[in-house]
Amino acid sequence: MKKTIKLALVAALALGATSAFATNGSVMISTGAKATGMAGVGIGKSHGAESALVNPALITSVKGTQVSFGGTFFMPDVSSDVGAGSANSAADLSVVPMVATTTQVNDNLYIGVGMWGTAGMGVDYRDSPAHYLMVTNLQLMQFGVPIAYKVAGFSMAVTPLLQYGALDIDSAVGGQGVSQDLSFGYNIGLAYEISDFTIGAVYKSKIDMEYKGQISTQMAGFTGSSASNFSDTLSTPAELGLGVSYVFGANTVALDYKQIKWEDAKGYKDFGWEDQSVISVGYEYTAKTWAARLGYNHASSPITDQGPTGGLLNTFNLLGFPGIVETHYAIGGTYNISEQTSFDLAYVYSPEAKETFKGTLGQDMTTKHSQSALSVAVNFNF
C-alpha cells in the first residue's frame with residue numbers, strides 16, 4: 001500500500017495542475033478516462049480505482065491493488081465580441097492530471113488514495129484592449145483518501161478531501177498575481193448490486209475557497225467603489241447524484257443524473273449562476289482484451305442574462321468565465337496489454353454554444369465556445 005501511495009503522489013506531482021475549461025459550468029464531466037468515454041457516467045457504474053473520482057463506493061470492484069494514472073488534454077475554442085469586433089482567446093490548450101489507487105484490504109474493506117484535477121477555467125485576451133485585456137486562470141486539484149466497506153452487495157464509502165485552488169484574474173484595471181488557498185471537503189458514496197443492476201448515489205460537499213484580492217480588485221476597478229464591498233470567496237459547489245447501470249452479456253448501459261448547486265456556491269451565486277441538472281447516458285461493450293464506450297452528456301448553461309442593470313456581471317461571466325457549453329458526445333475504449341496492464345483512451349466533443357447578453361455599456365456582447373478533449377490513462381493491477 002505504501003508503495004502504491006508513493007507512486008500515485010509522484011505521478012500526480014509530475015503532471016502538475018493547470019487550468020482547464022470544464023464542461024458542466026466549471027466542473028469537468030469526469031476526470032478519469034473510462035468515465036469520460038461514457039460522457040461522465042460513473043455513479044452507478046464501476047470503473048475500478050478510477051471510481052474514487054466519481055462514486056467512491058464503487059472502488060469495491062477492485063481485486064488486489066489497482067493503480068491508474070493519466071490526464072485530460074482540453075482544447076477549447078472561445079471567442080467573444082464585446083461590441084468592437086470579435087477576438088479569440090489564446091488559452092486553447094490545458095492539461096488536467098489524474099492518479100488513483102485502490103487496495104482491497106479484506107473481503108469487506110477497501111482503501112485508496114488519489115490526486116486529480118476537478119475543475120477550472122481560463123481565457124486570454126491580453127492582446128485585445130477592446131476585451132479589457134482580460135486574462136483568467138482558475139485551477140482546482142483535490143487529494144482524497146476513499147475508504148469503502150462492502151457487505152452482501154451493499155457498499156458505502158467516504159472520501160475526506162484536501163482541495164488546492166489557485167485563481168488569477170488580470171484585466172485593464174490591473175491584477176494581484178496568483179492567489180491560492182487550501183480547504184477541506186468530503187465525498188460520500190453508496191452503491192447496491194442486485195442481479196445485473198447496480199444502483200449508486202453520491203454527495204460531494206461544497207468547499208469554500210478564498211482568493212485574496214482577485215474578485216474584489218476587479219469589481220472595485222470596474223465600478224469605482226471600494227474593494228471591501230466585494231467578496232473574494234469562490235466556492236466549489238456541492239453535487240448530488242444518482243446512477244444506475246444494467247449488464248446484459250458483454251453489454252452495459254448506464255444512466256446518471258446529478259445536480260450541481262451553483263446557487264448555493266459563494267461567488268458563483270453572486271454572479272447569478274443557476275443550478276444545473278446534468279444527464280449522462282453511456283454504453284460499454286466488453287470483450288476479452290478490449291472494451292469500447294460511447295456517451296452523451298447534457299446540462300443547460302448555468303450562466304443567465306442578468307438584465308440591463310447587470311452588464312458588469314454579464315461581462316465577467318461571458319468574457320472571463322464562459323462555462324456555457326451544454327452538449328457533449330464521447331467515445332472511448334480500453335486495451336488490455338496483459339492481465340496486469342491496460343490502456344484507456346477517450347475523446348469528448350462539445351459543439352459550439354453561443355450566448356448574447358448586454359455588456360457594461362448596454363451593448364450586445366456575444367461569446368461562442370466549443371471544446372474537444374482527449375483523456376488517456378494507464379492501469380496496473382497487482
Query raised in the report: What's the FRET efficiency of residue 251 with residue 341 using the Cβ-Cβ distance as r and R₀ = 30 Å, to the nearest 0.05?
Result: 0.75
Report task. Lys and Arg at +1, Asp and Glu at -1: add these up for the other residues within a Cβ distance under 15 Å of residue 202 and post the number. Result -> +2
Query raised in the report: Hey, of (1) 1.09; (2) 0.98; (3) 1.19, which did the structure itself give for Cα Rg over 2.2 N^0.38 Å when calculated?
Result: (2)
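How big is the dipole moment of region 2-381 about its Cα centre under a simple scheme where the beta carbon of each Lys and Arg is +1, that of each Asp and Glu is -1, and everything else is neutral? Debye, nearest 20, please.
On the way: 20 positive and 30 negative charges, 208 e Å.
I would put it at about 1000 debye.
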Query raised in the report: If each of residue 231 and residue 305 carries a label point 7 Å out from its Cα toward its Cβ, how far apart are those two points in nm?
Result: 2.7
Query raised in the report: When we measure straight from the Cα of residue 288, which aspartates and glutamates land under 13 angstrom away, once same-chain ones fewer than 8 places off are left out?
Result: 339
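Only helical DSSP H runs with n ≥ 4 go in: add -39500 (n - 2.57) per run for the chain, normalise by residue count and round the 222 nm mean residue ellipticity to 500 deg cm²/dmol.
On the way: 4 runs with 34 residues, N = 382.
The helix-only estimate for the chain comes to -2500 deg cm²/dmol at 222 nm.
Using R₀ = 51 Å, calculate the FRET efficiency as 1/(1 + (r/R₀)^6) where r is the Cβ-Cβ separation of residue 186 and residue 286; round to 0.05.
On the way: r = 32 Å, r/R0 = 0.63.
Efficiency at R0 = 51 Å is approximately 0.95.
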Query - Net length gained if the chain between residue 126 and residue 109 were fully extended (0.36 nm per residue, minus Cα distance) - result: 1.0 nm
Query raised in the report: Going by alpha carbons, how many degrees (0 to 90, nearest 10) lie between the helix axis of 214-223 and the longest principal axis of the chain?
Result: 30
Report summary line: Interchain or sequence-distant (5+) residues whose placed amide H lies within less than 5 Å of the amide H of residue 24 are 29
Report summary line: Phi-derived 3J(HN,Hα) across region 80-86 with the Karplus relation (6.51, -1.76, 1.60, θ = phi - 60°), rounded Hz, x for Gly and Pro, is 9, 10, 9, x, 10, x, 8
Report summary line: Bridge orientation stat for the chain from DSSP, antiparallel percent rounded to 5, came to 100
Requested in this report: Among 289, 188, 376, flag the residue with its Cα farthest along the positive direction of the charge dipole of the chain, charges on Cβ as +1 for Lys/Arg and -1 for Asp/Glu.
Outcome: 289
Query raised in the report: If you find the alpha carbon centre of region 167-186 and of region 74-142, how far apart are they in angstrom?
Result: 14
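Given the peptides 23-35, 235-247, arrange them by the average over their residues of other C-beta atoms within 10 Å, most packed first.
Numbers: 23-35: 28.5, 235-247: 20.3.
Ranked by mean Cβ neighbours within 10 Å, highest first: 23-35, 235-247.
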Query raised in the report: Of the peptides 349-355, 58-64, how do they stack up when ordered by the mean number of other Cβ atoms within 10 Å, highest first?
Result: 58-64, 349-355
Query raised in the report: What is the packing order of peptides 210-220, 107-117, 281-291, taking the mean over residues of other C-beta atoms within 10 Å and listing the highest first?
Result: 107-117, 210-220, 281-291
Report task. Could you sort out which of 45/368; 34/258; 266/354; 63/204; 269/368; 212/368 sit more than 24 Å apart by Cα distance in this structure? Result -> 45/368; 266/354; 63/204; 212/368
Report summary line: Rounded to the nearest 10, the angle in degrees between the Cα long axis of helix 2-15 and the longest principal axis of the Cα atoms of the chain comes to 30
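Since every read-out is calculated from the coordinates, none of them should be taken as a lab result. Since the model is a prediction, treat every value here as computed from it, not as a measurement. A quick note on method: Cβ atoms are made from the backbone with ideal geometry, for glycine too, and the neighbour counts reach across all protein chains shown.
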